[in-house]
Structure formats: C-alpha cells, structure tokens
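As structure tokens, the structure follows; a few thoughts come after it.
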Amino acid sequence: MNNNADFLDVYGNPVVVEPHRWTIVTSVGIRRLPWTSIDSVGEPLASTIREYIGNRLTTESPIDALNCHTNLSGFARFCKSKPTAPMHASALGYLSHLTAQGRRWEWARTRGYYRFFAERSHPGFDRQALTTINRVVVGGNRKGGPVRDGHPLTGPLTREESLLWRNAILSDDDDTYEAVRERGVAMLTTILGLRPTSIIHLMESDLVRDVVIDDMPFAFALDIARAKKRAAPRKLLRRIGIHPQLADILHTLIQFNHNRHPEPTSAADRPLFYAPKGNQDFGAAGWSESSVGIAAILQRATKRYGVISPRTQRPLKVFATRLRRSAATALAREG
C-alpha cells in the first residue's frame, strides 16, 4: 500500500491521504486520523503504525482502524518516553502502565500490532518474545450484567416504564423536522430494537409497500441492513413488516428530506437520516447520519418526552442498547 496516495477501505469507501492526516468514513461519522504526534516519535515506530492502521482499513473495518489509531497513539507517546527500550519491552511496559490506570483492556490492539509485525519477522519485533506476549490475558468487561441484574438505569425497562415510554412516543404530535426525526429513531429502536449502526444505513428505497414475507402480506416493510462485524454495510439485508404508523413517520421524514437535501438524486443513495453536513467525497456514506448522531437524536427525544420512571422517580434513562435489551427481554418473556 502506498502511504502517500488515496486508497479504498475494505468497504470500498475512499481514504483521503494527506501528509499529516488521513480522512476516513466510519459508523461514527467522518473521522480524521492525525499523524503529527505519532510521527514525532520517529522511525521505525511511526511507519509501522501507519502500515498497521492501513492494513486494518483494507482488511478489517474503518472503526477498527479508528480504535487502533487511538490506542496506538497512546503507545507511541509511551515509547517516546523510553526511546532506547526494545519494542517487546516497550509493549510489556505499556501493559503495566495501562493496568495501573485501570485500562488494561486497551492493550489488546497494541498486542495485535506487535503480533502483526513479529509474525512477519519485521526488524525490531522479536518473534520469540511474541510467545510471552500472546500468553498475556487482557480480560474485558462483564457480559450481560445489566440484563441479569435488572439494573434500574441500564437494564431492560420494566413493563410500566415501557408502557410510559411507548405512550410518550405515540402521543407525540409535533410535526417539525426535528421532532419527526426523533420520533422515527425512538420507534425504530423501541419497536424493532435496531442498533444505531443499522439505522444509519437505512435508505429511502428501503421503505417498501405491498410485499409478502413468509407467506404473510404486509402493506409496509423495511429492508434493514444487518449490523455484523467485518461485513460490508448493506451486504446483508432482512425485510421486516412494520406498522402503518411507523411507515407514515418515515414517509413524512422522506418528504422533509426532499425539501432540505436535493442530493443525491437516487433513492437507493438517499439516507433516511441525513447528517447535518454532507460530504460528497464519500458517496452515500458521506450523507448519512452517524451512529453518534442517532444516539444524540434519541437523547433529545428522551429529554423532550420527559418520562419519569416509577421505579427510580427520576427521568427515565433511555439509550439504544437499553431499548434493544428491553425488546429482547419482552420477546423472551413471550417465549
């Protein structure tokens, strides 16, 4: 890969290469990867980090490359304070540094970086030390705790909370553009349990009508992109029947979008949820709202609805993952 020329990531989106930064499109929006602080460490560390992140972009995903850039920038700063240490000693020293700060899990990407070059017998990366590095157990966060514990702020909503939340959505009669976006996101996350990474890939053409799904006729349906790791966006779609009320909200949003956003012209390239500022350099992905933006829209809806939890007597805490947990828990209760 030429580190001085633009190239395409694993999904076919352009990576804009400039001397001191790369610009990429990710699920959290268009992001810039600055190289100034990493370059200041000197060679060969700077060039190997660039090469590794370039590999992540072309073989894994842009979001993985973004996370690697963040973690390896910290590793580069650590190495700058110990310029004479061998690479494997720096890697293990950085593990101790992160462990002392309670951020041990961040070391996994530094280990992946070391492993990548050690397995290729790159100068400065001791292959024998790789055995020791591979044996390190990094650990991670506890899985499924909020659901098992029924946490009042992060676990599934109770039946009473769910009823109040749904009633707030259904009684919302604000017909402004911002309110329609909020209502659409709230319904997609509450009723369908969609992740923000699925919502950002919804296009106008995904709202279809008069279809048959599993021998059942539906007046309206959505073709939803599956959010799978290492799978290109919109390569895996599933068609789900939706309620006419949700279809009406999405149709209203499309009409707003036509008035506000003339580009792109093809319905297959026009997102349901537009970013505040589009970037045509990245095609359809440059026009779409980010997963961070979708989360912000949901938070604005939560604040506007002002639902009070009967359990905590405080404003109901709502975010996409919690609504997804609630939808899955409700389905499990029903068998």
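In table form, for the structure just shown:
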| item | result |
| --- | --- |
| Global size of segment 4-60 as Cα Rg and Dmax, reported in angstrom | 11.3, 31 |
| Cα centroid separation - segment 200-222 against segment 1-49, whole Å | 38 Å |
| Probe 1.4 Å, accessible area per residue of segment 234-335, Å² | 57 Å² |
| Along principal axes, Cα extents of segment 262-335, largest first, whole Å | 47, 32, 16 |
| For the chain: span of alpha carbons on each principal axis (Å, largest first) | 65, 48, 38 |
| Segment 35-153, relative contact order in percent, only Cα pairs under 8 angstrom and at least six apart counted | 21 percent |
| Per residue, the convex hull volume that the Cα atoms of segment 125-279 enclose (Å³) | 213 Å³ |
| Span from the segment 156-180 Cα centroid across to the segment 71-129 one, whole angstrom | 48 Å |
| Computed lengthening from TYR177 to GLN255, 0.36 nm per intervening residue step minus Cα-Cα distance | 27.1 nm |
| Accessible area of the chain belonging to carbon and sulfur atoms, whole % at 1.4 Å probe | 52 percent |
| Under the span-like rule (Cα at least 18 Å along the axis, Kyte-Doolittle mean at least -1.0), DSSP H helices of the chain | 45-59, 62-80, 87-100, 177-191, 244-260, 291-305, 320-333 |
| Convex hull (Cα only) mean projected area of segment 172-247, reported in nm² to one decimal | 5.6 nm² |
| Convex hull volume per residue for segment 1-115, taking Cα atoms only, in Å³ | 100 Å³ |
| Relative contact order (percent, whole number), segment 92-204, Cα cutoff 8 Å, 6+ residue spacing | 13 percent |
| Amide proton proximity set for LEU157, modelled H, under 5 Å, gap of 5+ | SER326 |
| Filtered chymotrypsin sites (Phe, Trp or Tyr not before Pro), segment 68-128: DSSP coil and at most 15 other beta carbons within 10 Å | none |
| Span from the segment 308-326 Cα centroid across to the segment 259-302 one, whole angstrom | 27 Å |
| Distant-in-sequence amide H partners of TYR274 (H built 1.01 Å from N, under 5 Å) | GLU289 |
| Over the chain, relative contact order from alpha-carbon pairs under 8 Å, at least 6 apart, % | 16 percent |
| Solvent-accessible heavy-atom area per residue, rounded to whole Å², over segment 6-92 at 1.4 Å | 43 Å² |
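The values are calculated or read from the model by the stated rules, or taken from the named source; none is laboratory data. Since we're looking at a predicted model, the values are computed, not measured. Reconstructed Cβ throughout: ideal geometry from the backbone, glycine too, with neighbour counts over all protein chains shown. To get the accessible areas, we keep the full protein, side chains included, count just its heavy atoms, and leave off ligands, DNA and RNA. Shrake-Rupley method; radii C 1.70, N 1.55, O 1.52, S 1.80 Å.
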